[in-house]
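As structure tokens, the structure follows; a few thoughts come after it.
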């Protein structure tokens with residue numbers, strides 16, 4: 001029996017929540033982030049609360065988990081409904097915190113995500129002085 005998109009994504013979310021293996025968590029989260037590239041999966045990922053899973057994972061100690069979660073958010077924030085969800089869920093602050101990561105991929109995803117999340121409503125957060133100073137430092141490095 002072949003699983004549909006929703007069922008497959010549900011299986012990944014369930015596996016992520018059920019496993020105690022750090023390696024398995026990384027692999028599953030990387031898969032979820034990769035599925036976030038496809039606009040056909042946006043609705044399914046909202047329905048399965050994958051955006052919350054990614055946002056919650058930004059506070060984990062594992063650099064790899066944070067990298068994959070940030071990459072997933074970066075992929076999902078192109079969609080207007082996902083962008084609004086991230087903003088409503090107070091997702092800007094944890095994304096800003098990723099700017100100080102030692103992982104270059106995490107930082108690049110955070111910068112890109114903040115650019116896409118910049119709206120008149122969020123501009124005060126996304127263009128706050130510490131964020132702008134951080135971006136200027138990146139541009140000089």
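Taking the helices alone, the chain has a mean residue ellipticity at 222 nm of -21000 deg cm²/dmol, built from -39,500 (n - 2.57) per DSSP H run of at least 4 residues and averaged over all its residues.
Rg/Rh for region 27-97 stands at 0.92; both radii use Cα atoms, and Rh follows the Kirkwood definition.
Distance from the Cα centroid of region 106-141 to that of region 68-90 is 15 Å (rounded to whole angstrom). When you restrict to C-alpha pairs under 8 Å that are six or more residues apart and normalise by the size of the chain, the relative contact order lands at 19 percent. Expressed as a fraction of 2.2 N^0.38 Å, the value expected for a compact globular protein of N residues, the C-alpha radius of gyration of the chain is 1.04.
Checking a compactness column here: for region 63-141, what do you get for Rg(Cα) / (2.2 N^0.38 Å), N being the number of residues? Walk me through the numbers before you get to the answer.
Numbers: Rg = 11.7 Å, N = 79, 2.2 N^0.38 = 11.6 Å.
Dividing the Cα Rg of region 63-141 by 2.2 N^0.38 Å gives 1.01.
Using only alpha carbon positions, build the gyration tensor of region 5-55, then give the equivalent ellipsoid semi-axes as the square roots of 5 times its eigenvalues, largest first, whole angstrom. Don't skip to the answer; put the middle values down first.
Values: eigenvalues 63, 22, 18 Å².
With the √(5λ) rule applied to region 5-55, the semi-axes are 18, 10, 10 Å.
Given their separation in residues at 0.36 nm each and the Cα-Cα distance between them, residue 40 and residue 104 gain 20.2 nm when the chain is fully extended.
The numbers here are math on the coordinates, done by the rules we state, and not lab data. Since this is a predicted model, take the numbers as computed values, not measurements.
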